[in-house]
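Asker: Please read through the structure below; I'll follow up with questions.
Quick note: the coordinates plus some simple rules give every number you see, no bench work behind them. Treat the numbers as computed from the prediction; the structure is a model and nothing was measured. Neighbour counts are summed over all protein chains in view; Cβ atoms, including those assigned to glycine, are modelled from backbone coordinates with ideal geometry.
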Amino acid sequence: MAGTHRRWSLLTIAATGLLVASACGGAATTPAPASQAAAPSQPAATAAASVAAASQAIASQAAGQAVNGGTLIVGLPGDMAFADPSLVSDGNSLYVMTQVVQGLVGLAPGTLSDIVPVLAASLPTVSSGGKTYTFTLRTGIKFQDGTPFNAAAVKYNYERWQNYPKGDLQDNAYYYGAVFGGFGSQSNIASIDTPNDTTVVFNLKQPQSNFLISQTLMVFGIQSPTALQKGNADATPLSGNKYAQGQLPQGQDMVGTGPFTFKDWVPKDNITLVKNPDYWDAANAAHVDEIVFKPIGDSTARLQALQSGSIDVAVVIQPTDVKTAQSSGLTIIDRGQQTCNMLNLDLNQSVAGKPTIYANKDVRLAIASALNKPAYVQTFFAGQALVPTSFIPVGTLGYKAETLPGYDPAKAKQLLQQSGVPASQLSVDLYYPSNVTRPYMPDPKNEAVAIANDLQAVGFKVNLKTEDWGTSYITDATNGKLPAYLFGWICDWAGADDYLSVAWFGYQNGQPNAQFHYANPTLNDVMLKALAAPSTDQANQYWGQAQDILAADMPEIPLSSAKTPGAYDSKVHGFVPQGGVLEYLNSVWIK
Amino acid sequence: MLRYIVRRVLGAIPVLFGLSVILFLFLRLLPGNPAVAILGQHATPQLVAQISSSLGLDKPLYVQYLQYIWQLLHGNFGASFVDGRTVASTFLVRFPATLELTTGAMIFAVGLGIPLGRLAARHPNGWIDGAVTALSLFGISIPIFVLGYTLVFIFGVELHWLPAVGQIDPRLNVNPVTNFSIIDAILSGNVNAVEDAVAHLILPSIALGSIPLAIVTRITRASVIDVSNEDYVRTARAKGLTEKRVDDRHIMRNAWLPVTTVIGLQVGSLLAGAVITETVFVWNGVGSWVVQAIENHDLIVVQSLIMIFAIIFLAVNLLVDIGYAFLNPRIRYS
């Protein structure tokens, strides 16, 4: 394989020479093919302009000084799960796949929800009240195995997912089921038409306003139908599926259209990608020859690996390690004000069939005023988190700024008096999970202690309780057994629906989510209207209403939205941080 | 001798069978559902039920056990709940790394422990002996992860003398053929790669070898002092043999026996220590695999790995016992 690599290097040196020349000449005038796209509808035109702007920014940053070549070693918190994007639902897999496969649409670099056409030439035209999406595809694109990309390839991929049989494939294809409401005939996709080679028409059964934002997920990346068929990618059980296990020779599995090609995978040890010398978007071709992803679960070991030069980038570091990393000369990956997670204090209005004190709105508002969120952010996140300004983070599609209750103990006491709940009943069983840290929850126990102190200061009596995260906490929380508890959510896609409807307040089988027992038919109705809205703009209006309702009612208390810092070595350049921790590494170069 | 070996192997069967029952029950009695671990925040009751059923966790416990043991009797260690890979295939990829690490640790422990023990025994209760004793105490009492992080911090992060984590620098593009990083480096024909692989082995070997080093040192010292007081040693000296000859032929030959036993017994503690060492040094062996499997509630993997560890432990003990016969012809097994 060493020999193979050398041949690759020669090829890529030749290729990158040409690309540098074209990038220097063309960066200002033809930043990306997107700008040439026909713009059949107004939103498409603005989106095309924004991808142009984004890639222009990256191109100009790169054009002056970018150096091609070299190997970039990236430390991830965990390994990839499968080499088939349609079968994964975890951040580590998606981080790798973001470099290799592309969907019809994607996110502009560095943004959380700025949807841009990728393999589509423009954003789709939407008709029939939001039930028909017509995509015009880019032409002249080939998959990394040489198979031409066209409408048939898109149809093949979407129908493959839809027809996954019960068992291993459906079990792992979480996102297809979650986004389209199930597989086979349950899927919201009624049919896919391909009137010609460059047109794909999705006919939906019901309008689905999250269709576009959800399709930016790399699990909906289009893979080469030739490779999928030759690699027998649908074989079950997955233990014998070499395509899914990424054990086929280079170029035969995870075959997409992206700037990097999947080379090989030693499970739990490393994943190697090499530059795609024939990448269709020449102005945004990769700079480095090779990326090696190294899964390092232990956060101390990951930071030490970076400090000692064993890796070049640590995608995620502990917020409390930011100062240490800075003092050893590393650059912090600041993912800015746009984050993709939320930690809440969840309040369950009914446990074991009995209403709790949280069914009283004044009690909920009192709790919201009692909590000193800025202090938690400083203490437990070393400042690497944001105090929420709504129920979903800034930058999420459908976000609306709300005035949430601030820290005001006097007001909390007054609200408690107003609530009419006798002081003897103001007792809180506050649960936090043990044996876990999550990006949105670096220190659950001590944060729970801080919350308990704040609640006691305004007149609550607090009993701190804990359960093991993996063993019982998650199930007890989701089954509605916990009264007040710390619980967070990492977004699947940065849309209001993913938080408000999927994770929290969407009715399930006509009942409020057992996590909250928060019965509010008006809210549910507004959210259903938002989901069924024929356009994003209309959907966003409904999502705004939903946030207004929540802000008035406070069925849960948003505590913080973590910034999820990372760090890289001084030789790394051109890294564009993204709030959802999904960066495109084609702009990165090393020197 | 052969009969002895056969008897020992047959004797291992009920041990392993009993272990399989205890392990199976123990792991299943632990609270928690692998499906929840797999699904994480997506663990809705419906999906948990669906995945549990796919994994066969909804079947009665005895059915699950019989299925497991039936597979095991056919040499099938089962497959991971999480990634679907068979335990056997992953084991074959990861075990060489552990073997390489434990070998490195053993070379460190024995290579340094025996000379240190002999040195200490030469002047019992002198200052050298005191220093060696202090070193042993330090080695045996410092937790591996503390020593590991400290070594990485000093030699990797601050001094940049040795690599901090991993088995070989991925930039060298060494093709994994045998999964022994040093052998793979040699096969690649790249001298830098060999140096790099050896450099990667040094710190984890020291971390993992610290406890065996302490034990080997202490036992060697005690054993040498013990044998030195025997009559035949005095006789040998009285015959006018050189001190070196007395040392090599008369003292060490006899002192080897308890040392060998202890080295054999260290295999168990090395496998246990590898669990921590491999996690700290991001070493892709079976030790870090156990940790990941436990975190993921990957019951089949945990169970099969512990079974494999037990088999290795029993096999090594048998080898040690056989080894006695060669080291000391007076020992006969029947």
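Asker: What FRET efficiency would be calculated for the residue pair B:Ser269, A:Thr324, taking the C-beta separation as r and a Förster radius of 45 Å, to the nearest 0.05? Display every interim value, and only then the final one.
Answerer: Working: r = 33 Å, r/R0 = 0.73.
Efficiency, rounded to the nearest 0.05: 0.85.
Asker: Separate question: Quick one: angle between helix A:2-26 and the longest Cα principal axis of chain A, in degrees between 0 and 90, rounded to 10, please.
Answerer: Long axis of A:2-26 versus the principal axis of chain A: about 80 degrees.
Asker: Count, for each residue of B:48-57, the Cβ atoms from other chains sitting within 10 Å of its Cβ, then give me the mean as a whole number. All intermediate terms of the calculation are to be shown ahead of the outcome.
Answerer: Values: counts 4, 0, 5, 3, 0, 3, 7, 1, 0, 0.
Mean partner-chain Cβ count within 10 Å for B:48-57: 2.
Asker: Also: Give me the inter-chain shielding for A:304-317: mean count of other chain Cβ atoms within 10 Å, whole number please. Don't skip to the end; give the middle numbers.
Answerer: Details: counts 11, 9, 3, 7, 13, 6, 10, 5, 1, 0, 0, 0, 0, 0.
Whole-number average of other-chain Cβ neighbours for A:304-317 is 5.
Asker: Projected onto the charge dipole of the range A:341-562 (+1 at Lys/Arg Cβ, -1 at Asp/Glu Cβ, origin at the Cα centre), which of A:Pro555, A:Gln417, A:Ile357 gives the Cα projection farthest towards the positive end?
Answerer: Of the options given, the answer is A:Gln417.
Asker: Still on this model: Exposed loop trypsin sites (Lys or Arg not before Pro) only (DSSP loop, at most 11 other Cβ atoms within 10 Å): please give the longest stretch of chain B free of them, not including the sites.
Answerer: Answer from the scan: B:1-238.
Asker: Next up: Could you work out, residue by residue across B:166-178, how many beta carbons of other chains sit within 10 Å of that residue's beta carbon, and then give the average as an integer?
Answerer: Working: counts 9, 2, 2, 5, 14, 7, 2, 12, 2, 6, 5, 1, 0.
Taking all residues of B:166-178 together, the mean is 5.
Asker: Would you mind checking the range A:500-535 for residues with the amide N under 13 Å from a putative spin-label position 7 Å along Cα→C-beta of A:Asn463?
Answerer: Of the residues in the range A:500-535, none has backbone N under 13 Å from the label point off A:Asn463.
Asker: Now for a different question. Spin-label point model (7 Å from Cα, Cβ direction): what's the B:Val63 to B:Lys244 distance in nm?
Answerer: 7.3 nm
Asker: In debye, nearest 20: dipole of the protein assembly as shown around its Cα centre with unit charges on the Cβ of K, R (+) and D, E (-)?
Answerer: It works out to roughly 2120 debye.
Asker: Hey, rough spin-label estimate for A:Gln65 and A:Gln229, points 7 angstrom out along Cα→Cβ, what's it come to in nanometres?
Answerer: Distance between the two pseudo-spin positions: 4.9 nm.
Asker: Hey, another quick one. Could the peptides A:316-323, B:270-277 be put in order, highest first, of the mean number of other beta-carbon atoms found within 10 Å of their residues?
Answerer: Details: A:316-323: 19.9, B:270-277: 22.4.
Top of the packing list down: B:270-277, A:316-323.
Asker: So for A:Thr257, B:Thr279, A:Thr396, A:Thr331, fewest C-beta neighbours within 10 Å to most, what's the order? Kindly include the intermediate steps, with their values, before the conclusion.
Answerer: Details: A:Thr257 27, B:Thr279 22, A:Thr396 30, A:Thr331 16.
Sorted ascending by nearby Cβ count, the order is A:Thr331, B:Thr279, A:Thr257, A:Thr396.
Asker: Between A:Glu159 and A:Gln337, what FRET efficiency comes out of the Förster formula 1/(1 + (r/R0)^6) with R0 = 41 Å and r the beta carbon distance, rounded to 0.05?
Answerer: 0.55
Asker: Measure nothing but the geometry: give the 0 to 90° angle between the long axis through the Cα atoms of B:127-141 and the longest principal axis through the Cα atoms of chain B, rounded to 10°.
Answerer: That helix lies at roughly 10 degrees to the long axis.
Asker: To the nearest 10 degrees, how steeply does helix A:536-553 sit against the main Cα axis of chain A, on a 0 to 90 scale?
Answerer: 20 degrees
Asker: Nearest 0.05, what FRET efficiency do A:Lys142 and B:Val177 give at R0 = 25 Å with Cβ-Cβ as r?
Answerer: Details: r = 33 Å, r/R0 = 1.31.
Rounded to the nearest 0.05, the efficiency is 0.15.
Asker: Restricting to DSSP H runs of at least four residues, report the calculated mean residue ellipticity at 222 nm for the protein assembly as shown, -39500 (n - 2.57) per run over all residues, nearest 500 deg cm²/dmol. Write out the running numbers ahead of the final one.
Answerer: Values: 30 runs with 421 residues, N = 925.
Value at 222 nm, helices only: -14500 deg cm²/dmol.
Asker: Also, I was wondering about something else. Under a point spin-label approximation (7 Å from Cα along Cα-to-Cβ), what is the B:Ile202-A:Ala423 distance to one decimal in nm?
Answerer: 6.8 nm
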